[in-house]
């Protein structure tokens with residue numbers, strides 16, 4: 001989702017706040033003082049500067065109301081601007097937390113009453129994402145209402161091409177794979193995207209970014225595992241050294257045996 005919206009900031013703004021215009025991302029200095037919010041944009045809405053705050057969720061989160069409230073309150077205090085908070089759910093996963101979030105008082109008074117907007121992609125008609133001006137969100141079509149159909153995938157591929165957004169096809173494939181789960185559908189989906197020119201994928205910034213992030217994640221995982229292994233081996237080596245010193249000092253006759261064991 002972050003890859004998709006980073007390349008189509010205005011499309012997301014228009015989707016959530018019709019008529020608003022993207023101005024800039026909240027600068028990094030301010031973001032560093034806010035909890036790990038997914039997205040914070042400064043937008044112009046009816047002549048007023050507003051912060052658009054968005055959280056992306058694949059599954060429901062029982063603590064979502066409180067999380068949104070924290071992000072919203074912190075951002076409001078830091079920027080002194082009104083903050084509109086949204087949570088976008090990608091897939092149906094039981095009941096989700098509804099607005100508003102209430103922070104109760106020990107005397108059963110409400111201290112804070114926080115309203116936020118919830119977007120459930122599976123409830124949105126696919127035609128809504130085909131509006132002019134938000135074509136950058138077309139890869140989300142499989143996640144929309146009645147989106148788990150082969151004809152939706154065909155329509156999405158054609159629509160992305162017509163909109164000059166073919167470089168988003170790798171992301172479209174990734175989103176489609178979230179909902180096409182049967183062996184038959186997965187096989188069809190794989191073949192459908194295989195039919196496309198390899199150049200479309202290889203030349204796509206989205207594909208290259210996905211590969212780069214995958215390599216980076218793999219590198220970091222390998223580095224972590226290597227570090228853990230190194231620490232473990234270092235601890236073992238230190239332990240062997242201590243044992244050898246004790247044996248040397250107190251049981252000199254066992255030194256040859258301890259050396260043989262350490263080599264093993």
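Could you list all residues from the range 162-171 that are assigned to a helix (DSSP H, G or I) and modelled with pLDDT of 90 or more? Before the answer, list the steps.
Of the residues in the range 162-171, the ones assigned to a helix (DSSP H, G or I) are 162, 166-171.
Passing the criteria: only 162.
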* **Test for residue 111: is it free of Cβ contacts under 8 Å to residues at least 12 places away in the same chain and part of a strand (DSSP E or B)** => yes
* Asked: Looking at the range 128-155, which of its residues are within 18 Å of residue 8 (Cα to Cα), part of a helix (DSSP H, G or I) and more than 22 Å from the chain's Cα centre (by Cα)?
  -> 128, 130
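With surrounded by 15 or more Cβ atoms within 10 Å (Cβ to Cβ), assigned by TED's automatic domain parsing to the domain that holds residue 26, assigned to a strand (DSSP E or B) and at pLDDT 90 or above as the only criterion, which of 75, 118 stands out? Give the derivation first.
Working: 75 fails: assigned to a strand (DSSP E or B).
Only one candidate passes the filter, namely 118.
The values are calculated or read from the model by the stated rules, or taken from the named source; none is laboratory data. Since we're looking at a predicted model, the values are computed, not measured. Glycine also receives a Cβ, built like all others from the backbone with ideal geometry; neighbour counts cover every protein chain displayed.
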